[in-house]
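Notes follow the structure.
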Amino acid sequence: MIFEILKDAVDYSQQDTKKLLQLSILYIFGFLIIPLLIAEGYYYRIQQQSLKGVINFIEPLPEFNNYTNLLSNGFRVILTKLFYIIPCVLVLIIGILVGALGISFYLFILFTILLWLVIFFLFLISTPHMVYNNGDVIKTLNIMEIINIIKSIGVKTYLELYIDILIIFTGITTLTTFIILIVSMGVGIVSGQIMGLFWNSNIFTLTFIGLTYILTSIITAYYQIFLARSISSLYNLRKD
């Protein structure tokens, strides 16, 4: 079943290059806040569609329209993310303060990573649960309800998809970082040769930062579509 969910999510994510590009542009300009809210609202809309869909029956990606709806739903998704991120941030701040007192900061970093993995485990299923309940953000904070949904799906099944999602994310990130480094080094060397230098560190840095930002936005767009589709399909396996 997990393989079918992943295959369905991959097929769903790559069917419309135009919409993927639109979503990528929104993430590129996400620092302006409004584009980010629209992008997150689109994540919500994909889950809305997928919760009503059937696996391996690939519906077209939703349209970018009714922007008021996208903005309000995007705000709900961002709010949910903040609810789940705050504990990690607090632990990290405590770690910095404790580190200043001479106690191992690295233990707190490790603890923060472990805490993030647990929080992400719960967060994943919280957004389709919110969507299913007509955008009720409070539902995302009902941890016992979230845990019961995971139990209903099957802890083993849920954990399997969770691990697969982390592996896919790590693989994509590693490959992208490698490509960015190679291209940036190439541009740095070529520009250096043109200027009579072996290496132009300034051009390398600018290329690295620019490529990282643009490619990260594109990957985020693709991964958001993939994630929204796969986790919604998993949510549909629950037993009411």
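The values are calculated or read from the model by the stated rules, or taken from the named source; none is laboratory data. What you see is a predicted model, and the numbers here were worked out from it, not measured in a lab. Methodologically, a virtual Cβ is constructed for each residue, glycine included, from the backbone with ideal geometry; neighbour enumeration extends over all protein chains shown. Just so you know, the surface numbers come from the protein's heavy atoms only, side chains and all, with ligands and any DNA or RNA stripped out. Shrake-Rupley method; radii C 1.70, N 1.55, O 1.52, S 1.80 Å.
Restricted to Cα positions, what overall size does the chain have along the principal axes? Three whole-Å values, descending.
Sorted from largest, the Cα extents of the chain read 69, 52, 36 Å.
Place a point 7 Å from Cα of ASP16 in the direction of its Cβ. Which residues in the range 51-80 have their backbone N less than 19 Å from it?
51-74
Straight-line reach from LYS151: which lysines have Cα under 17 Å away, leaving out those fewer than 8 places along the same chain?
Correct list for LYS151: LYS139, LYS239.
Determine how large the accessible area of GLU63 is when every protein chain is in place; take a 1.4 Å probe and give Å² rounded to the nearest 10.
It works out to around 100 Å².
Please turn the phi angles of the range 58-70 into ³J(HN,Hα) values with the Karplus equation 6.51 cos²θ - 1.76 cosθ + 1.60 (θ = phi - 60°), one per residue in order, whole Hz, x for glycine and proline.
Computed from phi, the couplings for the range 58-70 are 7, 7, x, 4, x, 7, 8, 8, 6, 5, 4, 5, 4 Hz.
Using only Cα positions of the range 1-115, each an equal point scatterer, no hydration layer, compute I(q)/I(0) via Debye at q = 0.14 Å⁻¹ and quote the log10 values to two decimals.
Calculated log10 I(q)/I(0) at the listed q: -0.76.
Which of GLN15, PRO62, ILE34 sits farthest toward the positive end of the charge dipole of the chain, with +1 on the Cβ of Lys and Arg and -1 on the Cβ of Asp and Glu?
Selected residue: ILE34.
For the range 101-164, compute Rg over Rh where Rg is the Cα radius of gyration and Rh is the Kirkwood radius from the inverse mean 1/r over Cα pairs. Display every interim value, and only then the final one.
On the way: Rg = 14.8 Å, Rh = 13.2 Å.
Over the Cα atoms of the range 101-164, Rg/Rh equals 1.12.
If I stretch the segment between LEU82 and VAL118 completely, what's the gain in nm (0.36 nm per residue apart, minus their alpha carbon distance), one decimal?
11.4 nm
May I ask you to evaluate 6.51 cos²θ - 1.76 cosθ + 1.60, the Karplus curve with θ = phi - 60°, for each residue of the range 147-154 and list the ³J(HN,Hα) values in order in whole Hz, giving x for glycine and proline?
Rounded to whole hertz, the list is 4, 5, 5, 4, 5, 5, 5, x.
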